[in-house]
């Protein structure tokens with residue numbers, strides 16, 4: 001004997017829509033979180049690469065740390081937003097008897113997209129100084 005839809009009752013009626021909405025929302029939030037973590041990692045890697053390139057540039061014969069900081073600023077402006085190139089410093093340091101150029105970059109931590117609190121991440125690049 002087959003029961004009509006009215007005889008079965010409304011027990012599970014509409015629950016698939018609620019499940020889909022709740023799970024769909026959770027998947028969207030999870031995807032956005034993973035995407036934001038990937039963006040944070042991209043910004044970090046780009047800044048470390050720019051700082052290292054600026055340190056290598058400043059470590060060449062006849063170059064100064066200020067030129068390395070300028071090169072790092074130029075690279076950051078070209079690859080990210082101008083906000084990421086505002087706090088760049090370069091100096092010569094002595095590490096265990098080895099003369100190095102250190103370029104430091106303080107950048108915002110991207111919390112939502114590229115927006116976030118400034119000066120949270122400090123990233124450094126080092127290179128040994130070349131001698132003639």
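The values are calculated or read from the model by the stated rules, or taken from the named source; none is laboratory data. Note that the coordinates shown come from a computational prediction; the quantities given were computed from them, not determined experimentally. With ideal geometry, Cβ positions are generated from the backbone for all residues, glycine too; neighbour counts draw on all protein chains shown.
Applying the criterion of being surrounded by fewer than 16 Cβ atoms within 10 Å (Cβ to Cβ) and over 16 Å from the mean Cα position of the chain (by Cα) to the residues of region 113-132, the residue that is farthest from residue 42 (Cα to Cα) is 132. When the residues of region 89-117 are filtered to those that are in contact with a helix residue (DSSP H, G or I) (Cβ under 8 Å, 6 or more places away or on another chain), more than 21 Å from residue 64 (Cβ to Cβ) and assigned to a strand (DSSP E or B), which remaining residue is modelled with the highest pLDDT? Among those residues, the one meeting the criterion is 107. Within region 96-112, if we keep just the residues that are surrounded by fewer than 15 Cβ atoms within 10 Å (Cβ to Cβ) and either in contact (Cβ under 8 Å) with a residue 24 or more places away in the chain or under 19 Å from residue 45 (Cα atoms) (or both), the residue that is nearest to the chain's Cα centre (by Cα) turns out to be 109. Scanning region 63-83 for residues that are surrounded by fewer than 17 Cβ atoms within 10 Å (Cβ to Cβ) and either closer than 16 Å to residue 110 by Cβ or in contact (Cβ under 8 Å) with a residue 24 or more places away in the chain (or both), we see that the one that is farthest from the chain's Cα centre (by Cα) is 66.
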